[in-house]
Each structure stands twice: as C-alpha cells, then as structure tokens.
Amino acid sequence: MKITSILNQEQISKSIELLNKIRTDEGELFPDYVNDEYRKINRCIVYGFARFFEDGENCGIFASMMYYGIFRVFVAFEKDTDKYSKELAEFINLVKKENPGRSPCVHFIADQTKLIGSMRKTMDFDEGFYASNEFVMDKEHFKGFVNDMQLEIRPYELDKVGDYALLLDNSMTFVSPPTNFQGDTAGLAEKIWGNAFSAFYKDGDLAGLYWLDNDSYTIDIIAVSPEYQRHGYGGIILSHAIDNVFTVQKHDAAKLYCVDWNKKGYAFYKKFGMIEKGHTYSMNLKE
C-alpha cells in the first residue's frame with residue numbers, strides 16, 4: 001500500500017471522482033487545497049490536508065479542510081473496505097491536533113458500510129449520524145418559475161419569525177429528535193438573517209418558506225405547511241428557490257440535501273426532476 005502526500009494529476013482526478021460520490025461540492029473544492037497543506041488557501045478555505053491511498057486493488061482519498069469556519073473530514077474509497085482504519089484514525093487525530101479546540105464532522109460515501117462500522121470501533125464518535133442524498137438542478141433541465149396558485153411572496157419579516165418557527169416544527173416531522181424552532185426563535189432569526197429567504201402566503205395563511213445557505217446556491221431549508229402539502233404548493237416554492245439561485249444569485253446549478261429518512265421529500269425531489277448525485281453518511285467526533 002502507498003499513501004501519497006503530494007498528488008499527481010491522475011490521483012487528483014480520481015480523488016475528485018470519489019469525493020463527488022459524497023457531495024459534488026467536495027469534488028469541486030478539492031483542487032483548491034489538495035497540495036497546499038496548513039496554509040490559508042482563500043477566503044472560505046483556511047486549512048487543507050489530503051492523503052491518497054493506493055495498493056493496486058483499491059484506491060481512496062482522505063481529505064480535510066476548514067470551510068467557512070467548519071472543520072470537515074472526507075473519506076472515500078473505490079471499494080468498501082475496513083483495511084485502512086488505523087491509518088485513517090491517525091490522520092483524523094493529526095488534523096484534529098492541527099486544529100485545537102475543534103472536532104471534525106467526518107463524511108463517508110453512504111454505502112461504505114464496512115469502513116463506517118470499523119471507524120466507529122476505532123474512534124470515539126457520537127452515537128447519532130446524518131445520512132443524506134444530494135439533489136442538483138441545472139439550468140438546462142429547469143422548467144422555470146410559474147406561480148399558478150397565485151401565492152403571495154414576501155421577504156423575511158422579523159415579526160413573523162414565530163410563524164416561521166411554528167410552520168417548521170409542524171412540517172419537519174421526519175426529524176428525530178423533533179425540531180424545536182419555537183423554543184429558539186432568536187436562533188432561527190439569526191440563521192435566516194443575511195441569507196436569501198422567501199415566505200409564501202395563500203389567502204393570508206403562511207403556506208411555506210425557504211432560505212438559501214451562505215454559499216447562495218444550496219437550498220438550506222424548504223418547508224410546506226402540512227395543510228398545504230400534496231396540493232402543488234411545494235413545487236411552486238421549490239421552483240422559486242431554484243429560480244433565485246439562477247437569476248438573482250447567478251449560479252449555474254442549485255442544490256439541496258434530503259435526509260435518508262425523509263421519504264416524502266425524496267420522492268418529491270425525484271418527481272420534480274432534480275438529479276440525484278452524492279450520498280453522504282456523516283458522524284461527529286466527540287470532543
């Protein structure tokens with residue numbers, strides 16, 4: 001087995017291919033930091049570390065970066081294997097040491113079940129995990145925004161944050177443990193503030209909302225009030241969010257992530273025509 005610290009172009013290309021199976025964002029960002037360890041890369045990436053695994057039968061990539069202040073590690077192999085658990089644990093401990101006071105979230109390709117199970121035994125991860133499918137819509141496949149239900153569209157209103165919290169708690173029933181936006185409306189307001197946001201009203205009732213992540217092309221949250229679900233309102237709200245990404249934010253693709261246990265959401269995004277890309281399994285390392 002060879003573990004390479006300076007990657008050649010062939011290894012970089014293979015790493016991007018593997019990272020794209022987690023999330024396409026990671027493949028896109030990887031060339032920015034792959035061979036530039038421990039230094040400031042640009043305004044959003046302030047730390048980068050990568051190692052390439054190759055033994056003739058399998059290849060893989062270990063990559064870590066600090067992105068918008070979030071410490072993240074990515075592990076992706078061509079074939080599922082628990083062979084490299086010791087080396088991976090050493091690298092995780094190394095990058096954690098280089099970033100004192102921070103514990104990384106470690107992301108795997110979701111179907112790497114042997115590797116994930118082995119890493120759980122090797123390292124001290126939280127019991128919980130996060131698994132999600134990445135969906136993408138590009139301009140070529142987008143049919144455009146049509147408000148055929150005549151929904152009223154409003155920007156963020158501070159005095160409505162309690163209504164937003166109630167809608168989110170009532171609509172996100174697939175989350176376990178349950179969300180409690182109503183218990184922290186100040187935190188919700190802070191999360192929304194500064195991001196592209198729209199709320200949708202039907203005959204004065206709040207029917208749904210969305211906001212974009214700070215990258216301005218990822219739909220962070222989209223929610224439809226339970227009484228307005230399965231009546232076509234979700235498609236209007238989603239299409240407005242995608243249109244915002246294209247026409248206002250000026251990006252070429254819109255993305256969102258749907259957790260594995262949100263079966264209704266998964267079916268909705270597929271029916272809408274979004275393209276399924278990466279599949280992520282994530283665990284948080286304990287302090």
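Numerical summary
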{"quantity": "Of all residues in segment 148-177 being surrounded by fewer than 17 Cβ atoms within 10 Å (Cβ to Cβ) and within 18 Å of TYR257 (Cα to Cα), the one that is farthest from the chain's Cα centre (by Cα)", "calculated": "THR173"}
{"quantity": "Search result, residues across segment 17-36 that are open to solvent by 40 Å² or more (accessible area, probe 1.4 Å) and within 20 Å of ASP80 (Cβ to Cβ)", "calculated": "GLU17, ASN20, LYS21"}
{"quantity": "Meets criteria (of a type in the set (Ser, Thr, Tyr), open to solvent by 20 Å² or more (accessible area, probe 1.4 Å), touching a residue at least 40 places away in the same chain (Cβ under 8 Å) and under 19 Å from ASN284 (Cα atoms)) for TYR47", "calculated": "no"}
{"quantity": "Some residue of segment 90-100 being touching a helix residue (DSSP H, G or I) at 6+ places or on another chain (Cβ under 7 Å), in contact (Cβ under 8 Å) with a residue 12 or more places away in the chain and surrounded by 14 or more Cβ atoms within 10 Å (Cβ to Cβ)", "calculated": "no"}
{"quantity": "Output for segment 68-109, where each listed residue is assigned to a loop (DSSP other than H, G, I, E, B) and in contact with a Leu (Cβ under 9 Å, 6 or more places away or on another chain)", "calculated": "GLU78, ASP80, THR81, ASP82, LYS83, TYR84, SER103, PRO104"}
{"quantity": "Meets criteria (within 26 Å of THR218 (Cβ to Cβ), among the β-branched types (Val, Ile, Thr), open to solvent by less than 50 Å² (accessible area, probe 1.4 Å) and in a loop (DSSP other than H, G, I, E, B)) for ILE61", "calculated": "no"}
{"quantity": "The one condition in (1) farther than 30 Å from THR179 by Cα; (2) free of Cβ contacts under 8 Å to residues at least 12 places away in the same chain that PHE77 fails to fulfil", "calculated": "(2)"}
{"quantity": "Which listed residue, of TYR84, TYR130, is over 30 Å from GLY204 (Cβ atoms), open to solvent by 20 Å² or more (accessible area, probe 1.4 Å) and of a type in the set (Ser, Thr, Tyr)", "calculated": "TYR130"}
{"quantity": "Hits in segment 178-187 (condition: open to solvent by 60 Å² or more (accessible area, probe 1.4 Å) and either within 19 Å of PRO226 (Cβ to Cβ) or touching a residue at least 60 places away in the same chain (Cβ under 8 Å) (or both))", "calculated": "PRO178, ASN180, GLN182"}
{"quantity": "Strands (runs of 3 or more DSSP E) (entirely within segment 188-287) containing at least 3 residues that are open to solvent by less than 20 Å² (accessible area, probe 1.4 Å), farther than 23 Å from GLU152 by Cα and touching a residue at least 60 places away in the same chain (Cβ under 8 Å)", "calculated": "253-259, 275-284"}
{"quantity": "Number of positions in segment 225-283 that are among the small types (Gly, Ala, Ser) and under 17 Å from the mean Cα position of the chain (by Cα)", "calculated": "6"}
{"quantity": "Among residues of segment 237-258, those that are of a type outside the set (S, T, N, Q) and in contact with a Gly (Cβ under 8 Å, 6 or more places away or on another chain), counted", "calculated": "3"}
{"quantity": "Filter result (in contact with an Asp or Glu (Cβ under 9 Å, 6 or more places away or on another chain), at pLDDT 85 or above and in a loop (DSSP other than H, G, I, E, B)) within segment 22-56", "calculated": "ILE22, ARG23"}
{"quantity": "Matching entry among GLU127, GLU140 (being assigned to a loop (DSSP other than H, G, I, E, B) and without any contact (Cβ under 8 Å) to a residue 24 or more places away in the chain)", "calculated": "GLU127"}
{"quantity": "Segment 101-114 - residue that is charged (D, E, K, R) and more than 15 Å from ASN284 (Cα to Cα) and, of those, surrounded by the fewest Cβ atoms within 10 Å (Cβ to Cβ)", "calculated": "ASP111"}
{"quantity": "Filter pass, MET119 being touching a residue at least 12 places away in the same chain (Cβ under 8 Å), open to solvent by less than 10 Å² (accessible area, probe 1.4 Å) and closer than 20 Å to GLU287 by Cα", "calculated": "yes"}
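The values are calculated or read from the model by the stated rules, or taken from the named source; none is laboratory data. For clarity, every value in this text was computed on a predicted model and none was experimentally measured. All Cβ positions, glycine included, derive from the backbone under ideal geometry; neighbour counts span all protein chains shown. Heavy atoms of the whole protein, side chains included, go into the accessibility calculation; ligands, DNA and RNA do not. Shrake-Rupley method; radii C 1.70, N 1.55, O 1.52, S 1.80 Å.
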